[in-house]
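For reference, the structure is listed below as structure tokens.
Just so it is clear, none of the values below were taken in a lab; they were calculated from the coordinates. Bear in mind that the values here come from a model prediction, so they are computed numbers and not experimental data. Counting neighbours? That spans all protein chains shown, and the Cβs are built from the backbone with ideal geometry, glycine included.
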Amino acid sequence: LAKTTQPISMDSYEGQEVNITCSHNNIATNDYITWYQQFPSQGPRFIIQGYKTKVTNEVASLFIPADRKSSTLSLPRVSLSDTAVYYCLVYSSASKIIFGSGTRLSIRP
Amino acid sequence: NAGVTQTPKFQVLKTGQSMTLQCAQDMNHNSMYWYRQDPGMGLRLIYYSASEGTTDKGEVPNGYNVSRLNKREFSLRLESAAPSQTSVYFCASSGISGYSNQPQHFGDGTRLSIL
């Protein structure tokens, strides 16, 4: 199973760009990299998914180097409402899903 | 748009009691999942159903059973509840096309306490 390693916590300020890096040295050829966001008392919410290079959507960008052993979630111009736990997952099938403990992101005014 | 609906939202059980957690999705997804989340921890997969008629064990299946009633509904049953099963339970669904790495959509959870 592709285990991921993320920082336990991060702090930033409103308006800043936040980059959360995830390490996944054992990623398999068919694995995709998926990031979820979770607010207290809610289920996780899908943010972004990618296989290689760069993926961008309306809320975030995902940067994946050529060796795919790490990935970086980039949140542009964060606000207080971005305070949440962010999970990095690497899997190609349900049997390989591991959420891990995630990164607790705190945004300050 | 309901998405994934879980019932009940809260439940308190006594040790040894049985209970079924219900989950339904209206997105025509093929795959459905049950997770548990203990305080301060990430989610752990209990069981999943890749398609109607199939179920498979996840990381922590002991003490649970599941039923994929139809394409929309996936239930989780605790036959004899134990205090160690106190947790928040999340149901999720994914995959219109059947690819199992597609993003999952989660319900709001069932908060279960076992005394």
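Each of B:LEU78, A:GLN6, A:CYS22 was placed along the dipole of the protein assembly as shown (beta-carbon charges, centred on the mean Cα), and the one lying farthest toward the positive end is B:LEU78. When +1 charges are put on Lys and Arg Cβ atoms and -1 charges on Asp and Glu Cβ atoms, the dipole computed for region A:6-100 relative to its Cα centre reaches about 340 debye. Rg of the Cα atoms in chain B, relative to 2.2 N^0.38 Å, amounts to 1.00. Spin-label pair B:VAL60-A:PHE39: with each label point 7 Å from Cα along the Cα-Cβ axis, the two points sit 2.5 nm from one another. Orientation-averaged projection of region A:26-109 equals 6.0 nm² [convex hull of Cα atoms, one quarter of hull surface area]. Rounded to whole Å, the principal axis extents of the Cα atoms in region A:32-71 read 37, 21, 11, largest first. When both region A:78-98 and region A:52-69 are represented by their alpha-carbon centers, they are found 14 Å apart. Between A:THR5 and A:ASN57, residue separation times 0.36 nm minus the direct Cα-Cα distance comes to 16.4 nm.
Here B:LYS9 is the anchor, and the lysines within straight C-alpha reach of less than 23 Å, apart from those fewer than 8 places off in the same chain, are B:LYS71.
Sorted by packing (mean other beta-carbon atoms within 10 Å per residue), highest first, where do A:53-59, B:108-114, B:82-88, A:12-18 land? List each step's numbers first, then the result.
Values: A:53-59: 11.3, B:108-114: 18.3, B:82-88: 15.6, A:12-18: 13.9.
Going from most to least packed, we get B:108-114, B:82-88, A:12-18, A:53-59.
On average, how many beta carbons from a partner chain sit within 10 Å of the beta carbon of a residue in A:34-42?
Values: counts 4, 1, 5, 0, 5, 0, 0, 4, 5.
Mean shielding by partner chains, rounded to a whole number: 3.
Straight-distance candidates among the lysines for linking to A:LYS69, with alpha-carbon spacing under 26 Å and chain neighbours fewer than 8 residues away dropped: A:LYS3, A:LYS52, A:LYS54, A:LYS96.
Under 17 Å from a point 7 Å along the Cα-to-Cβ line of A:ASN30: which residues of region B:37-53 have their amide N that close? Under cut-off, by backbone N: B:49-51.
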